[in-house]
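**Q** Before I ask anything, here is the structure I am working with.
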Amino acid sequence: MIRRLSTYVIRRVLSMILLLVLLSLVVFILFSLLPADPARLTCGKSCTPEIIEANRHRLGLDMPVLAQYWEFVKGIFVGRTYAANSPDPVQCSAPCLGYSFKRGEEVFVLIKDRLPATIWLAFGAFVLWLAAGISLGIYSALRRGRWQDRSVMGVALVGYSLPSFFIGLVAIFFIIIRWQLLPFPSYISPLENPVQFLQTMILPWIILATLYAAFYMRLTRNQMLEVLGDDYIRTARAKGLPERVVIRKHALRAGLTPIVTAAGLDLAGLLGGAIITESIFSLPGIGSLAVNSVNDADLPLIVGITLVAATFIIFANLIVDLLYAVIDPRVRLS
Amino acid sequence: MTSASAPFLSVQDLSVTFPTEDGRVQAVDGVSFSVERGKTLAVVGESGSGKSVTAQAIMGLLDRRLSSVTGHAWLEGRDLVAMDDDEVRRERGSRMAMIFQDPMSSLHPFYRIGAQLSEAVLVHQKVSKQAAREQALEMLNRVGIPDPRTRIDNYPHQLSGGMRQRVMIAMALINSPALLIADEPTTALDVTVQAQILELIGNLQQEYDTAVIMITHDLGIVADIADDVAVMYGGRIVESGSVDDIFYRPQMPYTLGLLASVPRLDQVRAERLDPIPGNPPSPISLPPGCVFQPRCAYSDRVADHACEGVRPELVDIGGGHAVRCHLDGGQRLAIATDVLDALAGSGA
Ligand SMILES: Nc1ncnc2c1ncn2[C@@H]1O[C@H](COP(=O)(O)OP(=O)(O)OP(=O)(O)O)[C@@H](O)[C@H]1O
Ligand code: SF4
Ligand SMILES: [Mg+2]
């Protein structure tokens, strides 16, 4: 059994690597078809077509797409030097995800600097929405059709339909500007100033979690109701198990398993940047970086962010599948 | 109530309704029967006749918020219907147990066989986990699971349907209940496996002196296993009696229809069976008179359209054989003779 689990893991990891290669290739080709011209961004106002062409050649942007892709992949592992033969070469050390000439910075460094804010935002919201969504979803399912169920589902519907930029702006207006309950958001690492960190993050956490919590309430409720109607739950009751054991041991285990999938993928999606929330609260995360990179038509940065975000999702898929195999013996043993 | 003559299980005037959005569903309507230890009562009837709901009402498995159960189910003098949730829960799995139609979905897919069996022991007995596992092993052995020491650590999906039903039986009988309700335990299984499972239930019944309620819509198996039979239609018992009463002296037109629709071993395959024309009534709008009237070929023999307007009562016609029909004895006998003769003729 252990052996079968490990072959399963190896198979899944191999297919993940293959998927990553394919995905990066597709992203690379797709973006090279865009009308944006990275060479155009390599010089400032005093640009002439001649300089742009020269830069294009020096940076290898006139090479075939596949050759450029190969340089890119090589760069990830061994780093690369742009315009090596020119008087001012640009060094990009491994893992090199490209170089933003617009910002004069390695893409990897740009992303790395923005990642902490995004990770904090995503994990904080994740914990909140799982706690609220799952517990209220279960509560609602156990009181199906009664007023408690209806109120929870009503709240979920409201949370679900309010756009987060709207609640975000309303919250900023009232809580920060009108009532001055919190200072203006200004991100700082929790290691440096935990109080300011919490004051900055609390609203974004709640607002981001609201949307997801609403979704998870419904998901959990529906899952639980479905499982509670399953035959093995009837068997558990027929055995004479107390209802609380039937719920906790038999229904929850089966009912929450599909939620693992949704939660893993949603978290991974957020690690690629929560664009709206980050922008509203001016959090220096991947989401706002992505918005800026698109505004600037900063192609290397866009490619880099896309790849990182996609990697998170592929990785989350792997983790979720492995978790599934641990939870459900039918996956593990077939 | 616990006098020596009181039956082991006595169900009296049991009714179940479900309030639904479409109206009140009268799933079971005034059902009465009794079973003794060591005996088997077969409950037969078409789909939707209320067999499973009757069983679930006895087991206390119906959600009180979503259903209303009235009447009595005396188990050795204690009324299961009147008990509170926790009292009846303690009877479930210890004094009375149930197995279900689909062994594929009736076991929890995430837990090992052994854990599911031990759990049943541990809720009702104060024993160690090790002792519970020993009991589980012993029980798997008894129900004929080969190599139980390996199988006990299997997950349900690693077993065949027949094996899973054996596990279900082991789980039901592990606390030696005095009453076993089997709700179509073989319907989902291959024909060869069906016979084995029925034989197993029969053997264990003798060993434990269990009262068995066997729910089925397959009259073919009833003659072999049952002592008594209750025929249900539209939530009511329409005829009940001993196996011989039902098979050799049937009286009620619906029972006759059922008998005529049973495939018989001596019948040539190509020959058409005689299914009862029409469909069972909707439990939301049962006919006011006899529930079988819309499909009955003989209701015009009863005067004053009584079948349409007057609800017939279940009347004991002697020796515990009870019939719910407005026809008088002579008319029923004549009809039964015709039908049985025709059956014998087609079988020859
Ligand atoms: N929880 C419920 N809510 C509403 N109606 C129900 C409920 N459970 C059963 N019924 C209805 O009660 C009637 C009797 O159902 P029951 O399951 O007892 O039939 P059955 O005789 O066991 O049939 P089958 O052979 O199909 O198992 C059916 O019409 C069914 O639709
Ligand atoms: S009461 Fe009337 S309708 Fe019902 S079975 Fe008897 S004859 Fe038929
Ligand atoms: Mg049924």
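**Q** Only one of (1) closer than 25 Å to residue A:227 by Cβ; (2) of a type in the set (Ser, Thr, Tyr); (3) in contact (Cβ under 8 Å) with a residue 24 or more places away in the chain fails for residue B:118. Which number is that?
**A** It is condition (3) that residue B:118 fails.
**Q** Would you mind listing the strands (runs of 3 or more DSSP E) fully within segment B:146-260 where at least 1 residues are more than 30 Å from residue B:337 (Cα to Cα) and within 16 Å of ligand 2 (Cβ to nearest atom)?
**A** none
**Q** Take the residues of segment B:8-57 that are surrounded by fewer than 16 Cβ atoms within 10 Å (Cβ to Cβ) and not acidic (Asp, Glu): which is farthest from ligand 3 (Cβ to nearest atom)?
**A** B:38
**Q** Would you call residue A:226 crowded, with 24+ Cβ neighbours inside 10 Å, more than 10 Å from every other protein chain (Cβ to nearest Cβ) and of a type in the set (D, E, K, R)? Walk me through how you get there before you give the answer.
**A** Numbers: crowded, with 24+ Cβ neighbours inside 10 Å: no; more than 10 Å from every other protein chain (Cβ to nearest Cβ): yes; of a type in the set (D, E, K, R): yes.
Taking the combined requirement at face value, the residue does not satisfy it.
**Q** Could you go through segment A:303-322 and let me know if any residue there is more than 18 Å from residue A:106 (Cβ to Cβ), open to solvent by 20 Å² or more (accessible area, probe 1.4 Å), within 14 Å of chain B (Cβ to nearest Cβ) and in contact with a helix residue (DSSP H, G or I) (Cβ under 6 Å, 6 or more places away or on another chain).
**A** Scanning segment A:303-322, I find no residue that is more than 18 Å from residue A:106 (Cβ to Cβ), open to solvent by 20 Å² or more (accessible area, probe 1.4 Å), within 14 Å of chain B (Cβ to nearest Cβ) and in contact with a helix residue (DSSP H, G or I) (Cβ under 6 Å, 6 or more places away or on another chain), so the answer is no.
**Q** Test residue B:245 against the stated conditions and say whether it is open to solvent by less than 50 Å² (accessible area, probe 1.4 Å), more than 25 Å from residue B:140 (Cβ to Cβ), charged (D, E, K, R) and more than 16 Å from ligand 1 (Cβ to nearest atom).
**A** Spelling it out, residue B:245 is indeed open to solvent by less than 50 Å² (accessible area, probe 1.4 Å), more than 25 Å from residue B:140 (Cβ to Cβ), charged (D, E, K, R) and more than 16 Å from ligand 1 (Cβ to nearest atom).
**Q** Mind telling me which of the residues B:130, B:125 ends up being within 12 Å of another protein chain (Cβ to nearest Cβ), farther than 24 Å from residue B:198 by Cα and more than 20 Å from the chain's Cα centre (by Cα)?
**A** Of B:130, B:125, the one residue that is within 12 Å of another protein chain (Cβ to nearest Cβ), farther than 24 Å from residue B:198 by Cα and more than 20 Å from the chain's Cα centre (by Cα) is B:125.
**Q** At least 2 residues that are within 13 Å of chain A (Cβ to nearest Cβ) and over 15 Å from the mean Cα position of the chain (by Cα) in each: list the helices (runs of 4 or more DSSP H) lying fully within segment B:18-117 that qualify.
**A** B:85-91, B:103-106
**Q** OK, next. For segment B:43-61, does any single residue satisfy the condition of being of a type in the set (Ser, Thr, Tyr) and within 16 Å of ligand 2 (Cβ to nearest atom)?
**A** Pass one, segment B:43-61, residues of a type in the set (Ser, Thr, Tyr): B:47, B:49, B:52, B:54.
Within this subset, residues satisfying the condition of being within 16 Å of ligand 2 (Cβ to nearest atom) are B:49.
Yes, segment B:43-61 contains a residue that is of a type in the set (Ser, Thr, Tyr) and within 16 Å of ligand 2 (Cβ to nearest atom).
**Q** Applying the selection to segment B:206-219, what residues are open to solvent by 20 Å² or more (accessible area, probe 1.4 Å) and either in contact with a strand residue (DSSP E or B) (Cβ under 7 Å, 6 or more places away or on another chain) or away from ligand 3 (no atom under 13 Å from the Cβ) (or both)?
**A** B:206, B:207, B:208, B:209, B:217 - these are the residues of segment B:206-219 that are open to solvent by 20 Å² or more (accessible area, probe 1.4 Å) and either in contact with a strand residue (DSSP E or B) (Cβ under 7 Å, 6 or more places away or on another chain) or away from ligand 3 (no atom under 13 Å from the Cβ) (or both).
**Q** I'd like the full set of residues that are touching a helix residue (DSSP H, G or I) at 6+ places or on another chain (Cβ under 7 Å), within 14 Å of another protein chain (Cβ to nearest Cβ) and not polar (S, T, N, Q), limited to segment B:160-180.
**A** B:161, B:164, B:167, B:168, B:169, B:170, B:171, B:173, B:174, B:180
**Q** Ok, one more. Sort out which residues of segment B:127-181 are open to solvent by 50 Å² or more (accessible area, probe 1.4 Å), of a type outside the set (S, T, N, Q) and over 12 Å from residue B:103 (Cα atoms), and write them in order of number.
**A** B:127, B:129, B:133, B:134, B:138, B:142, B:146, B:147, B:149, B:151, B:153, listed by residue number.
**Q** Residue pairs, Cβ under 7 Å, 6 or more apart or interchain, first in segment A:236-255 and facing chain B (nearest Cβ under 8 Å), second open to solvent by 60 Å² or more (accessible area, probe 1.4 Å). List them.
**A** Partner pairs satisfying both residue conditions: A:240/B:90.
**Q** Can you tell me which condition residue B:234 does not meet? The list is (1) touching a residue at least 60 places away in the same chain (Cβ under 8 Å); (2) within 16 Å of ligand 1 (Cβ to nearest atom); (3) of a type in the set (Gly, Ala, Ser); (4) open to solvent by 20 Å² or more (accessible area, probe 1.4 Å), and all the others hold.
**A** For residue B:234, the exception is condition (4).
**Q** Just to be sure I understand, how many residues within segment A:161-219 are in contact with a helix residue (DSSP H, G or I) (Cβ under 9 Å, 6 or more places away or on another chain), open to solvent by 70 Å² or more (accessible area, probe 1.4 Å), more than 19 Å from residue A:266 (Cα to Cα) and free of Cβ contacts under 8 Å to residues at least 40 places away in the same chain?
**A** So the answer is 3.
**Q** Among B:286, B:198, which is open to solvent by 20 Å² or more (accessible area, probe 1.4 Å) and either modelled with pLDDT of 95 or more or under 20 Å from residue B:179 (Cα atoms) (or both)?
**A** The unique qualifying residue is B:198.
**Q** Exactly one of these conditions fails for residue A:171: (1) within 14 Å of chain B (Cβ to nearest Cβ); (2) in a helix (DSSP H, G or I). Give me its number.
**A** Tallying (1) within 14 Å of chain B (Cβ to nearest Cβ); (2) in a helix (DSSP H, G or I), residue A:171 fails exactly one: (1).
The values are calculated or read from the model by the stated rules, or taken from the named source; none is laboratory data. As the structure is a computational prediction, the values presented were derived from the model and not from experiment. Note that we place each Cβ from the backbone using ideal geometry, even for glycine, and neighbour counts take in every protein chain shown. Keep in mind that these areas ignore ligands, DNA and RNA; they rest on the heavy atoms of the full protein, side chains included. Shrake-Rupley method; radii C 1.70, N 1.55, O 1.52, S 1.80 Å.
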